[in-house]
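Engineer: Got a structure here, written out as structure tokens. Questions coming.
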Amino acid sequence: MRDATVATLPPPLPWPRRILKHPALTHYNRLIALVWAVNLVALGAGTADGDGVSARSLSYAALANLTLAVLARQQYVINALFWLATRPPVSWPLRIRWTLAKVYHFGGLHVGGTTAGTAWFLVLLPVLAVEGAPAATLAVSILLGVLLVGLVATALPPFRSRFHDRFERIHRFGGWGVLLLFWAQTALVLRERGGSPFAAPEFWALAVVTASVALPWLRLRRVPVALERPSSHVVLAHFDHGVTPFAGSSTTISRSPLLEWHSFANVPAPGHSGFRLTISRAGDWTGAFIDDRPSHVWVKGITTAGVANIETLFTRVVYVATGSGIGPCLPHLLAEQVPSLLVWATRTPRVTYGDALVDEILAVQPEARIWDTTEHGKPDMVALAYAAYRDFGAEAVICISNKRLTWRVVHGLERRGIPAYGAIWDS
């Protein structure tokens, strides 16, 4: 191990180009704006004749947006989006690949669809009353509208970040409640309308949404886990239950499947079945997991692509990690699909993570720049990242750290014209 070189940062881009790198204009927010723009265009087209919009059109608009919101979070859809975005070869212009690598901002489609769908539904309620909808239909619709507003309100960042466990439970059970109420409302409407339900677009939209929501739970199972604890700060969880995930994917695990789930990056070992998860002490759940060391946990769904899968869009990549952020980086370093250089800032790496893990890292990254924060203090991670990017001749930087530092590195580099990527904590 050796200290990393710190470099003087280049000046920021001229302001006309730099403004597009502002946090308020991330691709995540651009996708939200795109969904709303499409909805506003549809609204304008629907009211162009001056006759207003019918209850059926409003219900279709609400359901279409909410279907988009659900599908944007579906694991198979996410994997497909990553697969499509990473097909172009590295011979394509960097500016195009730079944008395609922002595929992990797909959560903007979820937020745009949810908020627009809720807005359409709230407009629908008074229209139903004016058009004389049956009392049962109106009552179910009002209850559905209240529940949708509650889900949107509790998903806002102030509540979600402060009460994440509560947000997760509200979102899960509230989402199931919304789905059931949509089925009830649809059944009432179709009964009044008459005809075969299989000819109704809303029936098929709800069928798709229901299948999307149910599919991960149909793969729910309790599996054994072997835990290795190199220190009181971290455990290495070893799984071998017939699944060997692809590099860069993640698995969600739980000890109480109806209450909370936690996602961790899979670390496959080349040439071996199964995989590992690096779980560090970062809160009550992870702390209890490290201390209790359970023999079994619950898993559901399929392994899902993570942000670092975009590495194949670039000729050379710098990985920047702090602490247990090494976990999501390690499978890519071991796979060696793309030439890469690791910059890792952590406290006493051998004491915290064990000699075996550190030696495994150095075996594939002998030039890794490992900064011991216990010995040298906290570094300027933006400067460290830039120095590695410059020295290695990389095309992009991928940062895996806590939220505050990830955003500092990503935006600190992007505003200087360097492609940089990191998690956006939108769920």
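The values are calculated or read from the model by the stated rules, or taken from the named source; none is laboratory data. From a predicted model like this one, the values you see are computed outputs, not experimental measurements. Cβ placement follows ideal geometry from the backbone for every residue including glycine, while neighbour counts extend to all protein chains displayed.
Engineer: Starting from the stretch 89-112, take each residue that is without any contact (Cβ under 8 Å) to a residue 24 or more places away in the chain and list its partners that are surrounded by fewer than 21 Cβ atoms within 10 Å (Cβ to Cβ) and not in a helix (DSSP H, G or I), counting only C-beta distances under 8 angstrom and pairs at least six apart or across chains.
Structural biologist: Ile96/Pro88
Engineer: Please work out which residue is farthest from Pro328 (Cα to Cα), limiting yourself to the stretch 222-268 and to residues that are hydroxyl-bearing (Ser, Thr, Tyr) and touching a His at 6+ places or on another chain (Cβ under 9 Å).
Structural biologist: Residue satisfying both the conditions and the ranking: Ser254.
Engineer: Please go through the stretch 302-330 and give me each residue that is more than 18 Å from Asn402 (Cβ to Cβ) and among the hydroxyl-bearing types (Ser, Thr, Tyr), ordered by number.
Structural biologist: Thr303, Thr304, Thr312, Thr315
Engineer: So His22 ticks every box in (1) crowded, with 17+ Cβ neighbours inside 10 Å; (2) out of contact with any Pro (no Cβ under 7 Å at 6 or more places or on another chain) but one. Which box is left unticked?
Structural biologist: Only one criterion is unmet by His22, namely (1).
Engineer: Also, I was wondering about something else. In the stretch 199-218, is there at least one residue being more than 29 Å from Gly107 (Cα to Cα) and aliphatic (A, V, I, L, M)?
Structural biologist: Yes.
Engineer: Within the stretch 291-320, can you find the residues that are more than 18 Å from the chain's Cα centre (by Cα) and farther than 18 Å from Ala237 by Cβ?
Structural biologist: Within the stretch 291-320, Thr312, Leu313, Phe314, Thr315, Arg316, Val317, Val318, Tyr319, Val320 qualify.
Engineer: Additional query: Restricting attention to the stretch 259-296, and to residues there that are part of a loop (DSSP other than H, G, I, E, B) and of a type in the set (A, V, I, L, M, F, W, C), which single residue is nearest to Leu218 (Cα to Cα)?
Structural biologist: Leu259
Engineer: Something else about it: Restricting to the stretch 78-88, and then to whatever is in contact (Cβ under 8 Å) with a residue 24 or more places away in the chain and of a type in the set (A, V, I, L, M), can you tell me which residue is surrounded by the fewest Cβ atoms within 10 Å (Cβ to Cβ)?
Structural biologist: Leu81
Engineer: On to the next question. Among the residues of the stretch 52-73, is there at least one that is among the small types (Gly, Ala, Ser), outside any loop (DSSP other than H, G, I, E, B) and exposed (fewer than 14 other Cβ atoms within 10 Å of the Cβ)?
Structural biologist: Taking every residue of the stretch 52-73 in turn, none turns out to be among the small types (Gly, Ala, Ser), outside any loop (DSSP other than H, G, I, E, B) and exposed (fewer than 14 other Cβ atoms within 10 Å of the Cβ).
Engineer: Could you check Pro93 against (1) over 22 Å from the mean Cα position of the chain (by Cα); (2) closer than 30 Å to Pro339 by Cα; (3) surrounded by 20 or more Cβ atoms within 10 Å (Cβ to Cβ) and say which number it fails?
Structural biologist: It fails just one condition, (3).
Engineer: Taking into account only those residues within the stretch 401-427 that are aliphatic (A, V, I, L, M) and modelled with pLDDT under 95, which is surrounded by the fewest Cβ atoms within 10 Å (Cβ to Cβ)?
Structural biologist: Ile424
Engineer: If you take the residues of the stretch 356-388 that are of a type outside the set (A, V, I, L, M) and in a strand (DSSP E or B), which of them is farthest from Trp92 (Cα to Cα)?
Structural biologist: So, considering only residues that are of a type outside the set (A, V, I, L, M) and in a strand (DSSP E or B), the one farthest from Trp92 (Cα to Cα) is Asp372.
Engineer: Restricting to the stretch 324-341, and then to whatever is within 23 Å of the chain's Cα centre (by Cα) and over 16 Å from Ser250 (Cα atoms), can you tell me which residue is modelled with the lowest pLDDT?
Structural biologist: Gln337
Engineer: Which residues, counting only those in the stretch 297-322, are assigned to a helix (DSSP H, G or I) and either of a type in the set (Lys, Arg) or surrounded by 22 or more Cβ atoms within 10 Å (Cβ to Cβ) (or both)?
Structural biologist: Val307, Ala308, Asn309, Ile310, Glu311, Leu313
Engineer: Checking the conditions here, which among Phe121, Phe106 is assigned by TED's automatic domain parsing to the domain that holds Phe167, within 30 Å of Ile398 (Cα to Cα) and not polar (S, T, N, Q)?
Structural biologist: The match here is Phe106.
Engineer: While we're here: Between a residue in the stretch 343-355 that is assigned by TED's automatic domain parsing to the domain that holds Lys378 and farther than 22 Å from Val397 by Cβ and any residue that is of a type in the set (Asp, Glu) and outside any helix (DSSP H, G or I), which pairs come within a Cβ distance under 9 Å, given they are 6 or more apart or on different chains?
Structural biologist: Arg347/Asp372; Thr348/Asp372; Gly354/Glu228
Engineer: Can you spot a residue in the stretch 26-35 that is out of contact with any helix residue (DSSP H, G or I) (no Cβ under 8 Å at 6 or more places or on another chain), surrounded by fewer than 20 Cβ atoms within 10 Å (Cβ to Cβ) and either free of Cβ contacts under 8 Å to residues at least 60 places away in the same chain or closer than 23 Å to Val410 by Cα (or both)?
Structural biologist: no
Engineer: Let me ask something else. Select from the stretch 269-301 the residues that are touching a Gly at 6+ places or on another chain (Cβ under 9 Å) and either over 26 Å from Lys403 (Cβ atoms) or among the aromatic types (Phe, Trp, Tyr) (or both) and list them in ascending order.
Structural biologist: Matches in the stretch 269-301: Ser273, Gly274.
Engineer: Something else: Just checking, does the stretch 351-365 include any residue being touching a helix residue (DSSP H, G or I) at 6+ places or on another chain (Cβ under 6 Å) and of a type in the set (S, T, N, Q)?
Structural biologist: For the stretch 351-365, residues touching a helix residue (DSSP H, G or I) at 6+ places or on another chain (Cβ under 6 Å) and of a type in the set (S, T, N, Q): present.
Engineer: Restricting to the stretch 389-418, name every residue that is under 21 Å from the mean Cα position of the chain (by Cα) and either in a helix (DSSP H, G or I) or not assigned by TED's automatic domain parsing to the domain that holds Thr315 (or both).
Structural biologist: Once the filter is applied, which keeps residues that are under 21 Å from the mean Cα position of the chain (by Cα) and either in a helix (DSSP H, G or I) or not assigned by TED's automatic domain parsing to the domain that holds Thr315 (or both), the stretch 389-418 yields Lys403, Arg404, Leu405, Thr406, Trp407, Arg408, Val409, Val410, His411, Glu414.
Engineer: If you don't mind, another one. Please go through the stretch 287-308 and give me each residue that is β-branched (Val, Ile, Thr), within 20 Å of Leu330 (Cα to Cα) and touching a Ser or Thr at 6+ places or on another chain (Cβ under 8 Å), ordered by number.
Structural biologist: Scanning the stretch 287-308 gives Thr303, Thr304.
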